[in-house]
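*Asks:* Dropping a structure here in structure tokens format, bear with me for questions.
The values are calculated or read from the model by the stated rules, or taken from the named source; none is laboratory data. Note that this is a predicted model, so its numbers are computed, not measured. Here Cβ is always computed from backbone atoms with ideal geometry, including for glycine, and neighbour counts include all displayed protein chains. Heavy atoms of the whole protein, side chains included, go into the accessibility calculation; ligands, DNA and RNA do not. Shrake-Rupley method; radii C 1.70, N 1.55, O 1.52, S 1.80 Å.
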Amino acid sequence: MQKILTIKNKLLSVRGEMLFLNEADREIYSAKGEFSFINPTWTLLKGQHEIARIKRKLWSWSSKYMLETKQTSFELKRKSWSWTRKYLVLGGYFNGAVITGGFWDTSFEIVHRGKIIVKGDNELLSLRDTCHVTFYDDNQLDDLAAILVAMRLDKKSDDSGGAAGGGD
């Protein structure tokens, strides 16, 4: 079954916050960063329940995010030296999933076991950095939401000139 969510950054948030909204503009997930100057931990919430914790691995040659959910922990590793943004999921339910971005960095897709399970498109002109995401497989939706938070954090780090790049 296909599910569509919209991810928006919350305006005027000191620590940072992302909202995942369904087609009726109801909040499904929220992701909040803790107040930290160096490396904040982000928490993914579904209502009041903590679903996952996301933290960037410091001193890594390429961008690497550690994701912990109630069931498992896994990594999202960015492949550097690529024309487009590309990630690999290491461990967990989606072990081996490949995430590739479009050439202009406005779209992406997640492929797992040869099937496209998620497609996303960013709005070009938006105050709140908005992305529309279509889920073709809603198994482990919480894990996919955590992966999307890590991807958006990495993109935001790149856009602000953070040290998210590097080699492979």
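*Asks:* Relative to the Cα centre, what is the charge dipole magnitude of region 1-68, using +1 at the beta carbon of each Lys and Arg, -1 at the beta carbon of each Asp and Glu, and rounding to the nearest 20 debye?
*Replies:* Rounded to the nearest 20 debye, it is 240 debye.
*Asks:* Here's a follow-up. Can you give the convex hull volume of the alpha carbon atoms of region 1-67 per residue, in Å³?
*Replies:* Convex hull volume per residue, Cα atoms: 121 Å³.
*Asks:* So, with a 1.4 angstrom probe, what is the percent of accessible area on the chain that is carbon and sulfur?
*Replies:* Accessible surface attributable to carbon and sulfur in the chain totals 53 percent.
*Asks:* Now, a different point. Arrange the peptides 143-150, 66-73 so that the one whose residues have, on average, the most other Cβ atoms within 10 Å appears first.
*Replies:* 143-150, 66-73
*Asks:* In addition: Percent of alpha carbon pairs in the chain separated by more than 29 Å?
*Replies:* 10
*Asks:* Give the calculated FRET efficiency between LYS119 and LYS10 to the nearest 0.05, with a Förster radius of 22 Å applied to their Cβ-Cβ distance.
*Replies:* 0.40
*Asks:* Hey, if you put +1 on the Cβ of every Lys and Arg and -1 on every Asp and Glu Cβ in the chain, which of SER36, THR134, ILE7 ends up farthest toward the positive end of that dipole?
*Replies:* The residue sitting farthest along the positive end of the dipole is SER36.
*Asks:* Sticking with this structure for a sec: What figure, in Å² to the nearest 10, do you get for the accessible area of HIS49 with a 1.4 Å probe and non-protein molecules left out?
*Replies:* 130
*Asks:* Additional query: Just to be sure I understand: with springs between alpha-carbon atoms less than 10 Å apart, which residue in SER30, SER63, SER80 has the highest mean-square fluctuation in the Gaussian network model of the chain?
*Replies:* SER80
*Asks:* Label THR41 and TRP61 with points 7 Å out from Cα along Cα→Cβ: what is the distance between them in nm?
*Replies:* 2.8
*Asks:* Take every Cα-Cα distance within region 39-115, group them into 10 Å bins from 0 onward, and report for each bin the whole-number percent of pairs it holds.
*Replies:* 18, 42, 35, 5
*Asks:* Going Cα to Cα from LYS155, which aspartates and glutamates come in below 13 Å? Please leave out same-chain ones fewer than 8 positions away.
*Replies:* The reachable aspartates and glutamates, counting only those whose Cα sits under 13 Å from LYS155, are ASP105, ASP129.
*Asks:* Please get the size of the charge dipole for region 1-126, origin at its Cα centre, with Cβ charges of +1 on Lys and Arg and -1 on Asp and Glu, quoted in debye to the nearest 20.
*Replies:* My answer is approximately 460 debye.
*Asks:* Less than 15 Å apart at the alpha-carbon level, and either on another chain or at least 8 residues along: which aspartates and glutamates does that give for LYS70?
*Replies:* Correct list for LYS70: GLU50, ASP142, ASP143.
*Asks:* Any idea how far apart TYR93 and THR72 come out in nm if each label point goes 7 Å out from Cα toward Cβ?
*Replies:* It works out to 0.9 nm between the two label points.
*Asks:* From the backbone phi of region 73-81, what are the Karplus-calculated ³J(HN,Hα) couplings (6.51 cos²θ - 1.76 cosθ + 1.60, θ = phi - 60°) in whole Hz, Gly and Pro given as x?
*Replies:* Couplings: 10, 7, 10, 10, 10, 8, 7, 8, 6 Hz.
*Asks:* Would you mind getting the accessible area per residue of the chain, heavy atoms of the protein chains only, 1.4 Å probe, in Å²?
*Replies:* For the chain, the per-residue accessible area is 57 Å².
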